[in-house]
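Only one structure is covered here, and it is reproduced in the block below.
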Amino acid sequence: ADFSGDNVLKINDISKSFETKSLFDSLSLTMRNGDRIALIGDNGSGKTTLLNIISKNSYPDTGSIVYNPSGKSAMLPQIISFADENRSILDTMLYDLNVSTQTARNRLASFLFFGDEVFDSVKTLSGGERSRLKLCEIMAGDINLLILDEPTNHLDITSREWIEEAVEEYSGALLFVSHDRFFINKFANRIWELRDGEI
């Protein structure tokens, strides 16, 4: 889906603290249409927290974020979970997306889940397969802002290559955390480095 206007989102003076630790204070940033931003920084600097705030899974202590009215975002978190891990791959799509069996099977096939494999239980999937299934779910809604939190972490080579191919085919705005220099060099056209509470 295309954005109307130039800005994807505008972050206005947001702050976030946990107990006595301030992660960032008075952070102001603008993400524009066409941006593919790598958010980098040391562990514990607040990268995942910032992603969670931008994806509306958390809230800043102060400040605000203004989103493009035509924006539709989705996030692939570090830790991937599903509503019911005992469900089959197919049932997960049917319940979570409320689509027809044929639509679910078509989407699953485009994410490399074929034949009887769709009847396998979600809890038996590898890390790479779980990432694929979650991407299959979240990218069903014509999103134009994709947020990824360390998407290649702990994946085997085949799964990493598949994730890279999927991101390469995606043409919308992209914001991701990664320590993978190859992934950053391949996909980022901007870098946000979070250091000492500032970008």
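The values are calculated or read from the model by the stated rules, or taken from the named source; none is laboratory data. These numbers were taken from a predicted model, which means no experiment stands behind them. Backbone-built Cβ (ideal geometry, glycine too); neighbour counts: all protein chains shown. With ligands, DNA and RNA removed, areas are computed over all heavy atoms of the protein, side chains included. Shrake-Rupley method; radii C 1.70, N 1.55, O 1.52, S 1.80 Å.
Condition check ((1) touching a residue at least 60 places away in the same chain (Cβ under 8 Å); (2) within 25 Å of Ile184 (Cα to Cα)) across all residues:
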| position | (1), (2) |
| --- | --- |
| Glu19 | no, no |
| Leu27 | yes, yes |
| Ile53 | no, yes |
| Tyr67 | no, yes |
| Pro77 | yes, yes |
| Ile89 | no, no |
| Leu97 | no, no |
| Ala109 | no, no |
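Is there a residue in the stretch 58-73 that is aromatic (Phe, Trp, Tyr), in a loop (DSSP other than H, G, I, E, B) and open to solvent by less than 30 Å² (accessible area, probe 1.4 Å)? Outline the logic, then answer.
Step one: filter the stretch 58-73 for residues aromatic (Phe, Trp, Tyr), giving 59, 67.
From what's left, in a loop (DSSP other than H, G, I, E, B): 59.
Now drop any that are not open to solvent by less than 30 Å² (accessible area, probe 1.4 Å), which leaves none.
No, because not a single residue in the stretch 58-73 is aromatic (Phe, Trp, Tyr), in a loop (DSSP other than H, G, I, E, B) and open to solvent by less than 30 Å² (accessible area, probe 1.4 Å).
Of all the criteria given as (1) loosely packed, with under 13 Cβ neighbours inside 10 Å; (2) in contact with a Leu (Cβ under 6 Å, 6 or more places away or on another chain), the one not satisfied by Phe18 is (2). Of the residues making up the stretch 85-137, just one is open to solvent by less than 30 Å² (accessible area, probe 1.4 Å) and among the acidic types (Asp, Glu), namely Glu137.
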